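Undergrad: To start, I am sharing the structure in question, which I have written as structure tokens.
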Amino acid sequence: MSCSKEDGKKPTRGEIRRRALVDAAWSLVKESGIEAITLDEIIARAGGSRATIYSAFGDKNGLIKAAVGENCSAFAEQMMEMLDDCEEPAVSLTRLASNLVGHIWTPEATRIFGSFLTEGDRFPQVIDAFLQNGPDRLHRRLARYLAESPARSAAPVEDPEAAAKLFLDTLHGDWLIGSLGGRPPRNPDTPETRRWIRYVVARTLNLPIDAVPLTAPG
């Protein structure tokens, strides 16, 4: 699923070149982390030149920051699409949790986060791009959604900011602890994970367990 919108405008050569560089940098981040990437590798994969990179991004770190920020933003947008204003919050949050678990509990996501964890102190701007465009962006959108929930639910959320943090921190924390401990990834389609997600949603919305579905459409 893509968060980009087709506007009928043909991209310029510069935009195409920039997109290729960002995509190549992101692919290399996923494969080998941040520090190991070289400009020569990026250019070999995307074309262009060092001059192009320096002109568009400043340096290698600027390019990687852009790649991380744009891809994390796209992921957050994809997750936000799980929040449907026309249905009960318990249904939307169940769908959001299932999709989030399905995306972050993967070898690729765990590998990327592991590189951020070990290399983050050397690339603070890249980590800021990850946090601001991924977790922080999703937190703000979820808090806004929960703040509006009284119009859609008989159980209004008293503190939307705290509830959104509880929800996301629980899901991300379980992933972090599991990945550091070498545990097998959660499968969002197993009965155990569905019960766990149901409990997380119930706590977030301060609802009884029976008021939360085990699964949600979409």
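Undergrad: Averaged per residue, what accessible area in Å² does region 95-150 show with a 1.4 Å probe, protein chains only?
TA: 46
Undergrad: For the chain, what is the calculated [θ] at 222 nm in deg cm²/dmol (nearest 500), taking -39500 (n - 2.57) for each run of four or more DSSP H residues and dividing by its residue count?
TA: Calculated at 222 nm, the ellipticity per residue is -21500 deg cm²/dmol.
Undergrad: Taking only protein heavy atoms and a 1.4 Å probe, what accessible area per residue, in Å², does region 7-79 have with all protein chains in place?
TA: 51
Undergrad: So, one more: For Cα pairs less than 8 Å apart in space and 6+ apart in sequence, what is the mean separation divided by the residue count of the chain, i.e. the relative contact order in percent?
TA: 22
Undergrad: Relative to the longest principal Cα axis of the chain, at what angle does helix 135-147 sit, 0 to 90 degrees, rounded to 10?
TA: 30
Undergrad: Measure nothing fancy, just the Cα-based angle from helix 89-104's long axis to the longest principal axis of the chain, in degrees from 0 to 90, nearest 10.
TA: Helix 89-104 and the main axis of the chain meet at about 40 degrees.
Undergrad: Express in nm, to one decimal, how much length is gained between Ile177 and Glu158 on full extension, taking 0.36 nm for each residue of separation and deducting their alpha carbon distance.
TA: 4.0 nm
Undergrad: Rounded to the nearest whole Å², what accessible area per residue is found for region 153-218 with the 1.4 Å probe?
TA: Each residue of region 153-218 exposes 59 Å² on average to a 1.4 Å probe.
Undergrad: Taking all protein chains as present, what is the carbon and sulfur share of the accessible area of region 1-117, in % to the nearest whole number, probe 1.4 Å?
TA: Here it works out to 52 percent.
Undergrad: When a/c reaches 1.5 or more, the comparison of a/b and b/c decides; with that in mind, is region 108-218 rounded, prolate or oblate per its Cα gyration tensor?
TA: Oblate, because a/c is 1.5 or more while a/b does not exceed b/c.
Undergrad: Extending each Cα 7 Å along its Cβ direction at Ile16 and Ile43, get the distance between those two points in nm, one decimal.
TA: 2.1
Undergrad: If each residue of separation counts as 0.36 nm, what is the full-extension length gain between Ala147 and Gln78 once their alpha-carbon separation is subtracted?
TA: 22.8 nm
Undergrad: Could you work out how much longer the chain between Thr215 and Gln125 gets when fully extended? Use 0.36 nm per residue separation minus the Cα distance between them, nm to one decimal.
TA: That pair, Thr215 and Gln125, stretches by 28.6 nm at full extension.
The values are calculated or read from the model by the stated rules, or taken from the named source; none is laboratory data. Note that the structure is a prediction, hence the values are computed from the model and not measured. Using ideal geometry, Cβ is built from the backbone for each residue, glycine included, and neighbour counts are taken over all protein chains shown. Remember, those area values only see protein heavy atoms, side chains included, never the ligands or the DNA or RNA. Shrake-Rupley method; radii C 1.70, N 1.55, O 1.52, S 1.80 Å.
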